[in-house]
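The values are calculated or read from the model by the stated rules, or taken from the named source; none is laboratory data. Treat the numbers as computed from the prediction; the structure is a model and nothing was measured. Here the Cβ positions follow ideal geometry from the backbone for every residue, glycine too, while neighbour counts run over all protein chains shown.
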Amino acid sequence: MRKNITFVFIALLSAIAFNVEAQIVINGDFENWTHIANYETPDSLNTLNATLASAFATPNVLKTSDAFHGNWAAKLVTVNVALLNRNVPGIITNGTYNTSYFTTSPPTGSPVVGGKRINYRPNYFNGWLKDTTKGHDTATMHIIFTKWNKSLGKRDTLGSASWMDTTTHSSYQHFSLPINYTISGVPDTFQFYALSAGVYGTHLGSVLYLDSLNFGPPPPSVQWNSTAMISDSENIGNILLPLHLSVVYNDTVKIYITTSGTTTTGVDYTILSANPMILAPGKLNDTVKIHIIDDAIPEPTETLNVHIGHTYNCSIAAFDSIAISIIDNDASGIVSLDANQSGLNIYPNPAKANLTISQPYNEYFKNIIITNVIGEIVLQPQTSSSTHLVININNLPSGIYFIKTTDVNGKVSNAKFVKE
């Protein structure tokens with residue numbers, strides 16, 4: 001019985017043929033899929049889905065909305081095939097499957113034969129991926145360029161590129177594989193295939209996502225013009241942070257800016273530039289514009305770290321962060337805004353409806369004043385014999401506010417908060 005099942009599986013694999021007349025890296029963005037019975041298959045690419053469905057197994061190349069770019073990506077998953085009593089990795093290719101590779105132990109030859117026609121010599125194979133490997137599984141990707149040798153009656157391998165990974169990348173990573181050519185000439189065929197794991201001894205749960213596959217030069221890198229710390233007064237106004245690409249690129253580049261440090265967005269600073277920043281094709285430089293909010297409250301020197309976060313169509317070079325030291329310009333003699341230093345705690349911040357203020361020492365609030373950014377008193381909550389008070393701010397417009405409290409001993413504390 002086992003032999004008959006294996007024979008059926010081999011026959012099904014053999015029935016999968018692939019036309020090599022198609023365009024280069026056609027459907028490399030995985031936006032086009034065809035629904036067939038209980039599975040979907042990426043147009044112009046080959047998977048084991050039809051074979052697995054015929055063997056009553058789960059398809060192992062899935063259409064997923066978890067894409068890096070566009071609407072869809074390909075998700076290669078290692079699944080169990082009960083009829084063969086083993087796990088089968090997800091595999092996608094532009095060629096035809098070598099049936100013996102998947103049905104013999106150990107596998108023989110290459111998992112894929114054939115490919116697509118090509119009439120030029122690319123230098124890089126690019127795209128985006130993320131993966132989860134289980135056990136000792138290795139996700140792999142290979143691309144091979146060949147040309148028919150008429151005099152010898154065989155194919156010559158002109159160049160190739162490979163990628164292997166045993167680690168897990170939870171978010172999309174850009175890859176740019178240089179093609180290593182060993183023979184001169186222009187290839188007439190290229191073959192691509194990727195697997196979520198090896199064929200034998202694989203583990204369920206190994207997954208490989210692929211998106212935006214293409215040929216071309218490696219994308220540019222982006223970095224700040226300098227990573228020297230910037231130190232300036234709180235009343236500086238706007239700070240300009242130039243960044244640039246390593247080379248002019250013929251496609252759109254997106255750069256996401258993130259921040260960290262002791263400052264609070266909307267309270268101490270705002271990013272005036274669009275986020276993500278979009279550099280049109282051919283644009284080499286741009287500037288991140290950050291407005292430093294000059295309040296009237298004494299506070300310690302604060303740090304704002306500005307980072308180049310994740311990117312699209314470019315990699316991140318070494319100069320990816322800038323530290324900005326913001327020096328307070330307000331009069332001294334008033335307790336610091338820092339809750340840990342002033343003893344005044346306010347939460348939540350930002351707040352929507354209610355703001356809670358409290359102080360750890362046993363001195364009651366005598367007076368509380370809330371002002372807006374131009375110094376107008378907008379609220380004077382009633383105090384009580386308490387070190388803890390909940391203030392209703394529901395009627396305040398959204399914006400930045402300052403709170404000043406005086407206790408029964410005349411101790412003054414200041415803080416600022418954002419009303420959402």
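Do we find a residue being within 30 Å of PRO178 (Cβ to Cβ), within 23 Å of the chain's Cα centre (by Cα) and either modelled with pLDDT under 90 or not assigned by TED's automatic domain parsing to the domain that holds HIS174 (or both) anywhere in the stretch 285-303? Walk me through how you get there before you give the answer.
If we filter the stretch 285-303 for residues that are within 30 Å of PRO178 (Cβ to Cβ), which is where we start, we get 285-286.
Checking the rest, the ones that are also within 23 Å of the chain's Cα centre (by Cα) come to 285-286.
Among the residues that remain, those that are also either modelled with pLDDT under 90 or not assigned by TED's automatic domain parsing to the domain that holds HIS174 (or both) are: 285-286.
So far as the stretch 285-303 goes, yes, one or more of its residues are within 30 Å of PRO178 (Cβ to Cβ), within 23 Å of the chain's Cα centre (by Cα) and either modelled with pLDDT under 90 or not assigned by TED's automatic domain parsing to the domain that holds HIS174 (or both).
Collect the residues in the stretch 374-420 that are crowded, with 19+ Cβ neighbours inside 10 Å and over 43 Å from the mean Cα position of the chain (by Cα), keeping them in residue-number order.
Passing the criteria: PRO381, THR405, ASP407.
Can you find even one residue in the stretch 137-157 that is surrounded by 21 or more Cβ atoms within 10 Å (Cβ to Cβ) and in contact with an Asp or Glu (Cβ under 7 Å, 6 or more places away or on another chain)? Can you show your working first?
First, the residues of the stretch 137-157 that are surrounded by 21 or more Cβ atoms within 10 Å (Cβ to Cβ): 137, 139, 141, 143-146.
Next, from what is left, pick out any that are in contact with an Asp or Glu (Cβ under 7 Å, 6 or more places away or on another chain): 139, 146.
Within the stretch 137-157, one or more residues are surrounded by 21 or more Cβ atoms within 10 Å (Cβ to Cβ) and in contact with an Asp or Glu (Cβ under 7 Å, 6 or more places away or on another chain).
Check the stretch 241-258 and report whether any residue there is within 27 Å of ILE26 (Cβ to Cβ), in a loop (DSSP other than H, G, I, E, B) and among the acidic types (Asp, Glu).
yes
Within the stretch 338-364, restricting attention to residues that are over 18 Å from LEU389 (Cβ atoms) and part of a loop (DSSP other than H, G, I, E, B), which residue is modelled with the lowest pLDDT? Can you show your working first?
Going through the stretch 338-364, the residues over 18 Å from LEU389 (Cβ atoms) turn out to be 338, 340-341, 350.
Checking which are part of a loop (DSSP other than H, G, I, E, B) leaves us with 338, 350.
Details: ASP338: 41, PRO350: 86.
Per the stated criteria, the residue is ASP338.
Suppose we filter ALA53, ALA57 for residues that are in contact with a strand residue (DSSP E or B) (Cβ under 6 Å, 6 or more places away or on another chain) and assigned to a helix (DSSP H, G or I); which single one remains? Full working, then the answer.
On the way: ALA57 fails: assigned to a helix (DSSP H, G or I).
The match here is ALA53.
So for the stretch 266-274 (the condition being in contact with a helix residue (DSSP H, G or I) (Cβ under 6 Å, 6 or more places away or on another chain), assigned by TED's automatic domain parsing to the domain that holds SER233, modelled with pLDDT of 90 or more and on the phi < 0 side of the Ramachandran plot), does at least one residue qualify? Break it down into steps so the answer makes sense when it comes.
Here is the first cut: in the stretch 266-274, the residues in contact with a helix residue (DSSP H, G or I) (Cβ under 6 Å, 6 or more places away or on another chain) are none.
Among the residues of the stretch 266-274, not one is in contact with a helix residue (DSSP H, G or I) (Cβ under 6 Å, 6 or more places away or on another chain), assigned by TED's automatic domain parsing to the domain that holds SER233, modelled with pLDDT of 90 or more and on the phi < 0 side of the Ramachandran plot, which makes the answer no.
Just one of ASP286, ASP232 is part of a strand (DSSP E or B), in contact with a Pro (Cβ under 8 Å, 6 or more places away or on another chain) and either of a type in the set (Asp, Glu) or free of Cβ contacts under 8 Å to residues at least 12 places away in the same chain (or both); which is it?
Details: ASP232 fails: in contact with a Pro (Cβ under 8 Å, 6 or more places away or on another chain).
On inspection, the qualifying residue turns out to be ASP286.
Could you list, in sequence order, all residues of the stretch 289-328 that are assigned to a strand (DSSP E or B), surrounded by fewer than 19 Cβ atoms within 10 Å (Cβ to Cβ) and among the hydroxyl-bearing types (Ser, Thr, Tyr)? Show your work before the answer.
Of the stretch 289-328, the ones assigned to a strand (DSSP E or B) are 289-292, 302-312, 315-316, 321-327.
Then keep just the ones that are surrounded by fewer than 19 Cβ atoms within 10 Å (Cβ to Cβ); that gives 289, 291, 303, 305, 307, 309-310, 315-316, 321, 323, 325, 327.
Within the stretch 289-328, THR303, SER315, SER321, SER325 qualify.
Please work out which one of (1) modelled with pLDDT under 85; (2) assigned by TED's automatic domain parsing to the domain that holds LYS411 is the condition SER332 fails and give its number.
Unmet condition: (2).
Need the failing condition index for ASN367 against (1) in a strand (DSSP E or B); (2) out of contact with any strand residue (DSSP E or B) (no Cβ under 8 Å at 6 or more places or on another chain); (3) not hydrophobic (A, V, I, L, M, F, W, C), just the number.
Condition (2) is where ASN367 drops out.
Just the residues that are surrounded by fewer than 16 Cβ atoms within 10 Å (Cβ to Cβ) and either at negative phi or part of a strand (DSSP E or B) (or both), please, taken from the stretch 182-202. If you could, list the steps in order and put the result at the bottom.
Quick first cut of the stretch 182-202, residues surrounded by fewer than 16 Cβ atoms within 10 Å (Cβ to Cβ) only: 182-186, 200-201.
Within the stretch 182-202, THR182, ILE183, SER184, VAL186, TYR200 qualify.
Working only within the stretch 273-283, note down all residues that are assigned to a strand (DSSP E or B) and surrounded by 14 or more Cβ atoms within 10 Å (Cβ to Cβ). Break it down into steps so the answer makes sense when it comes.
Within the stretch 273-283, the first condition is being assigned to a strand (DSSP E or B), and the residues that meet it are 277-279.
Listed by number, the residues that qualify are MET277, LEU279.
Checking the condition assigned by TED's automatic domain parsing to the domain that holds THR133, among the aliphatic types (A, V, I, L, M) and at negative phi, which residue from ALA37, ALA55 passes?
Unique residue meeting the criteria: ALA55.
Determine which member of the set PHE175, PHE125 is more than 24 Å from ASN80 (Cα to Cα), crowded, with 20+ Cβ neighbours inside 10 Å and either free of Cβ contacts under 8 Å to residues at least 12 places away in the same chain or not small (Gly, Ala, Ser) (or both). Give the derivation first.
Working: PHE175 fails: crowded, with 20+ Cβ neighbours inside 10 Å.
Result: PHE125 is the single residue among PHE175, PHE125 that is more than 24 Å from ASN80 (Cα to Cα), crowded, with 20+ Cβ neighbours inside 10 Å and either free of Cβ contacts under 8 Å to residues at least 12 places away in the same chain or not small (Gly, Ala, Ser) (or both).
Please indicate, with yes or no, whether at least one residue in the stretch 117-133 is more than 23 Å from the chain's Cα centre (by Cα) and of a type in the set (Gly, Ala, Ser).
Going residue by residue through the stretch 117-133, those that are more than 23 Å from the chain's Cα centre (by Cα) are 117-123.
Filter again for of a type in the set (Gly, Ala, Ser), leaving none.
Within the stretch 117-133, not a single residue is more than 23 Å from the chain's Cα centre (by Cα) and of a type in the set (Gly, Ala, Ser).
Which residue is nearest to TYR269 (Cα to Cα), if the candidates are limited to the stretch 206-245 and must be under 21 Å from the mean Cα position of the chain (by Cα) and among the small types (Gly, Ala, Ser)?
Only one residue tops the list, namely SER221.
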